[in-house]
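Coordinate-derived values only; no laboratory data. The shown structure was predicted, so the numbers you read here are calculated from the model rather than taken from an experiment. Cβ coordinates were reconstructed from backbone atoms using ideal geometry, including for glycine residues, and neighbour counts include every protein chain displayed.
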Amino acid sequence: MKRWMLIIFVAAALATQARIAHAHFGALIPSDDIVSQGEGRIVTLHAMFIHPMDNSYMQMEKPSRFGVLFRDKKIDLTGALREKKVGEFSTWTANYEIKRPGDYVFFVEPEPYWEPAEGRYIIHYTKVVVNAFGLERGWDAEVG
């Protein structure tokens, strides 16, 4: 009986141990996520591929799609992307001028990359919402 209790205790202890996540993610970081009256209306967006737990970057090729969804209208901003090197890695930035109240849903679709551990190509679809002038409408819109 004591042996089984020890086995159960060890199994439970191992199952509850915190694991370090070594995953990587696409990230889309705005310079400001709430634009208010009297502030600058230019938002800079920074698209990158990162290992957040290691605080490190990975190479990101130019995204195949980058844009904003505002009031049910998609605007292609791919042409506005500019490469920004962080060390040896490429990240991408773009500026966008906020003009009207509401939620601006910025999105990025990177090029697929090969993930050897999973034996397949992966695409990290990423979006971020920037609210303008207090009108919270459209934040939950699907980019599609």
| query | Given the Cα-Cα distance of R65 and I29 and 0.36 nm per residue of separation, how much length would full extension add, in nm? | reply | 11.4 nm
| query | Using just the C-alpha positions of segment 21-132 as equal point scatterers, what log10 of I(q)/I(0) does the Debye formula give at each q in 0.11 1/Å? | reply | -0.37
| In segment 50-144, which trypsin sites (Lys or Arg not before Pro) are in a loop and have at most 16 other Cβ atoms within 10 Å, using DSSP for the loop call? | R71, K99, R137
| request: Would you kindly work out the equivalent ellipsoid of segment 23-81 from its C-alpha gyration tensor and give its semi-axes, the square roots of five times the eigenvalues, largest first in whole Å? | output: 24, 17, 10
| message | Residue by residue through segment 103-114, what is 3J(HN,Hα) from phi via Karplus (6.51 cos²θ - 1.76 cosθ + 1.60, θ = phi - 60°)? Round to whole Hz and write x for glycine and proline. | response | 9, 9, 9, 7, 9, 9, 10, x, 5, x, 10, 7
| HN-Hα J couplings of segment 33-49 from phi, Karplus 6.51/-1.76/1.60, θ = phi - 60°, integer Hz, Gly and Pro as x? | 9, 9, 9, 10, 4, x, 9, x, 9, 8, 10, 9, 10, 10, 9, 8, 10
| request: Using the structure shown, select from K62/K99; K62/K84; K74/K99 the pairs with a Cα to Cα distance greater than 18 angstrom. | output: K62/K99
| task | Be a star and scan segment 115-139 for residues whose amide nitrogen sits under 15 Å from the point 7 Å along the Cα-to-Cβ vector of D72. | result | 137-139
| Net charge dipole size for segment 21-132 [Lys, Arg +1 and Asp, Glu -1 on Cβ; Debye, nearest 20] | 440 debye
| said: Less than 19 Å from a label point 7 Å out along the Cα-to-Cβ axis of K85: which backbone N atoms in segment 32-48 qualify, by residue? | reply: 47-48
| Under-5 Å amide H pairs with L77, H placed in peptide plane, nonlocal only | F66, G67, V68
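Local charge sum around M48 (other residues, Cβ-Cβ under 15 Å, Lys/Arg +1, Asp/Glu -1)? Don't jump to the answer; show the numbers that get you there.
Working: positive: K62, R82, K84, K85, K127; negative: D54, E61, E83, E88, E109, E111.
Taking every other residue near M48 into account, the sum is -1.
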| What list of ³J(HN,Hα) values in whole Hz, one per residue of segment 87-101 in order, does the Karplus curve 6.51 cos²θ - 1.76 cosθ + 1.60 (θ = phi - 60°) give from phi, with Gly and Pro shown as x? | x, 8, 9, 8, 10, 9, 10, 8, 9, 9, 8, 7, 10, 10, x
| task | List the GluC sites (Glu not before Pro) within segment 91-144 that fall in a DSSP loop (any state other than H, G, I, E or B) and whose Cβ has at most 10 other Cβ atoms within 10 Å. | result | E118, E142
| Rounded to the nearest 0.05, what FRET efficiency is calculated for M53 and W114 with R0 set to 30 Å and r the Cβ-Cβ distance? | 0.90
